[in-house]
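Peer 1: Got a structure here, written out as structure tokens. Questions coming.
Bear in mind these aren't lab numbers, they're just calculated from the coordinates by the rules spelled out. Owing to the predicted nature of the structure, the values given are computational and were not obtained by experimental measurement. Backbone-built Cβ (ideal geometry, glycine too); neighbour counts: all protein chains shown.
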């Protein structure tokens, strides 16, 4: 009887330890950060999560940085990584894109903000090895972009879709081949070119939604206008060839700087869209209309098999995202802005559930 009791206590202790490790698996970031590029990669049994650059809680030009934090799943906290290099006079940037491919992190574009408030789109791109912690400079993006969407395909290619380039939006789909280390142009984005859009890719299909376009007038200067539009692209035999189709919008109201990820919900392959704001804004969270922007709690789920939107339960409201991560089937945002444009250091788990 005593042996059984000891065995029971040992099992209970093991279970408690397991729960404790699981609960501590995704600790808070070392500091609040928003508009940070995020990605995760699994290498030799270990999962690494990285946050690249972004803006701190002051939300001013001086708070934009090039810090990199990395967490190894199961470890206690985050580690400071070497800062992202830069060819620009200002090293900090926001609105960059990050992806994981072939056991490495890749960081593209973004923009820096000068002391006079002017913005400069960044052309440099880098590969970071999470094991050696070393950066490799990649060939510059042919047309520099920020607030674009980066997507990976066949563990070889990276697409950069639309985005802003210094003075306006571009409709380009720029394709980086990690085998040849060369850039080329794929079939252009079919809708109005936008920045702050969101999208994800599953197998050979990519779904992109929303963002901000430019509206031109005869009697006044151009304006930033929300663009409620979704497009589904299917990659053909050639990675540069994309068959684009328009998809009905789920609500008719666009969201800005939400994030998307491919996932499974109730056994269905879906592209999930989380967070963002219906009021486009500058990097401080204040709208271009001078109204403070609020984060959105709605989740959009698009079934690729059924080719329709599924009704989904709400989640925690968050905006100013540059990506989502999938940890063992659980979806998280990393940093961002919560209510009242509060820059957070939290990793927020988003339950993807049908309603």
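Peer 1: So which residue, out of 243, 219, 124, gets the largest mean-square fluctuation from a GNM of the chain using Cα contacts under 10 Å as springs?
Peer 2: Result for the chain, Cα springs under 10 Å: 219 fluctuates most.
Peer 1: Of the listed peptides 190-196, 115-121, what is their order by residue-averaged count of other C-beta atoms within 10 Å, with the highest listed first?
Peer 2: By packing density, highest mean first, the sequence is 190-196, 115-121.
Peer 1: Go ahead and set up a Gaussian network model of the chain, Cα springs under 10 Å, then flag whichever of 334, 291, 113 fluctuates most.
Peer 2: In the Gaussian network model the winner is 291.
Peer 1: Within a 10 angstrom radius of the beta carbon, how do 41, 99, 318 rank from fewest other beta carbons to most?
Peer 2: By the 10 Å Cβ count, ascending: 41, 99, 318.
Peer 1: Who wins for biggest fluctuation among 37, 148, 317 in a Gaussian network model of the chain, springs between alpha carbons below 10 Å?
Peer 2: Its mean-square fluctuation being the largest, the pick is 317.
Peer 1: If you find the alpha carbon centre of the range 178-248 and of the range 262-335, how far apart are they in angstrom?
Peer 2: The range 178-248 and the range 262-335 have Cα centres separated by 17 Å.
Peer 1: Starting with the highest mean, order 227-239, 304-316, 150-162 by the number of other Cβ atoms within 10 Å, averaged over the residues of each peptide.
Peer 2: Final packing ranking: 150-162, 227-239, 304-316.
Peer 1: So what is the 222 nm mean residue ellipticity for the chain from helices alone, if each DSSP H run of at least 4 adds -39500 (n - 2.57) and you divide by all residues, rounding to the nearest 500 deg cm²/dmol?
Peer 2: When only DSSP H runs of four or more count, the value is -2000 deg cm²/dmol.
Peer 1: Mind checking the angle between helix 2-23 and the chain's longest principal axis? C-alpha axes, 0 to 90 degrees, to the nearest 10.
Peer 2: Rounded to the nearest ten degrees, it is 10.
Peer 1: Here is a follow-up. If you rank 65, 79, 249 by fewest surrounding Cβ atoms within 10 Å, what's the result?
Peer 2: Starting with the residue having the fewest Cβ neighbours, the order is 79, 249, 65.
Peer 1: Fewest Cβ neighbours within 10 Å first, please rank 225, 33, 149, 265 accordingly.
Peer 2: With the fewest neighbours first, 225, 33, 149, 265 line up as 225, 265, 33, 149.
Peer 1: Taking semi-axes √(5λ) of the Cα gyration tensor in Å straight from the coordinates, which label in [x] 33, 23, 22; [y] 38, 22, 18; [z] 30, 25, 19 is the correct one?
Peer 2: Matching entry in [x] 33, 23, 22; [y] 38, 22, 18; [z] 30, 25, 19: [x].
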